[in-house]
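Trainee: Next up is a structure, given as structure tokens.
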Amino acid sequence: MAIGIGAAAQAYSGTSALSGKGMEARGEGDAFSGILKAAMDRIGETQAKAQEATMQAVSGKADVAEVVAAINNAEIALDAVVAVRDRVISAYQEIMRMPI
């Protein structure tokens, strides 16, 4: 799946906004959880926007291109969540395989 330059720039700006305080505050115990919570909040917003755009399209009030873009953004966000989840599970399994 090819991602356009605009979508890549938007995704990069979204991650740079998330990496602000949390990435600099390495001494704080909840910095990582704060980053994850912010990312999950943004994903929830993206899903809500896609649902709202779909409902407007059903009622005939939205442009088809806007609906497709909103659904595409929601799909990309969901794919990112699944990839992060898979990496976390993989890391957990690797830690569990370590000898004590």
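Trainee: Counting only other residues whose beta carbon sits under 13 Å from that of ASN73, what net charge do I get with K and R as +1, D and E as -1?
Mentor: Net charge in that neighbourhood comes out at -3.
Trainee: Go through 81-93, 53-65, 32-44 and give me the packing order, highest mean Cβ count within 10 Å leading.
Mentor: Answer by packing, highest mean first, reads 32-44, 53-65, 81-93.
Each reported figure results from applying straightforward, stated rules to the coordinates on display, with no laboratory input. Model, not experiment: these values are computed from the prediction. Glycine also receives a Cβ, built like all others from the backbone with ideal geometry; neighbour counts cover every protein chain displayed.
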